[in-house]
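This report refers to the structure that appears directly beneath it.
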Amino acid sequence: MNLTSLVFRCLLLAFSSLMVAQPAMAWDTKKKVAQDDVDALQKTQELLKDAKAREAYAKEHPEAQNALDQVKKLGGTEGNSDEMFSISAEIMQSIVAESGGDVEKMQAMIAQATKNPEAFFNQLSADQKAKIRKVAGEIEKNNPQAK
């Protein structure tokens, strides 16, 4: 498995663990995303982007702590880890948009992405792929054994 693929898998883990564990995400699976859900989405994206909030949240949620630990380990530096979580927030926004806000579709997309990350990666925007490749390059530069 190449480093870009490993980084992407780690991003999916971080995103999916926060999506599942986030209590603010009180998704109603019988409807499309309502305003409360939009607010919850924004809170979750903020959580993904805010290191202090992630740490506080992870202390209370083992799934999130596991994801945070794996991202930190792979990222190697705080900057790389922060960038990985920022990319996860972008991917989350893309999933919501692509699913049309249908919660069941979002859950199915996440499940499929974890089963076949390479196919999901290929569906990302060119900008998202470039960001993932860039952070993978930074990880490799800072830790040549990460290959």
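The values are calculated or read from the model by the stated rules, or taken from the named source; none is laboratory data. Nothing here was measured: the structure is a model prediction, and the numbers come from that model. These accessible areas exclude ligands, DNA and RNA; they are computed on the full protein's heavy atoms, side chains included. Shrake-Rupley method; radii C 1.70, N 1.55, O 1.52, S 1.80 Å.
Using Cα pairs under 8 angstrom and six or more residues apart, how large is the relative contact order of segment 45-147, in percent? Intermediate results must be reported in sequence, preceding the final value.
Values: 63 pairs, mean separation 27.3, N = 103.
Result for segment 45-147 is 26 percent.
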- Query: Amide H to amide H under 5 Å from D102: which residues, 5+ apart in sequence or cross-chain, H placed 1.01 Å off N in plane?
  - Reply: V33
- With all protein chains present, how much of the accessible area of segment 34-130 (probe radius 1.4 Å) comes from carbon and sulfur, to the nearest whole percent? 48
- tail above 15 Å in the computed P(r) of segment 81-147, as % of all Cα-Cα pairs, reads 58
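Would you mind working out the accessible area per residue for segment 74-132, using a 1.4 Å probe, and quoting it in Å²?
Numbers: 2720 Å² over 59 residues.
In whole numbers, segment 74-132 has 46 Å² accessible per residue.
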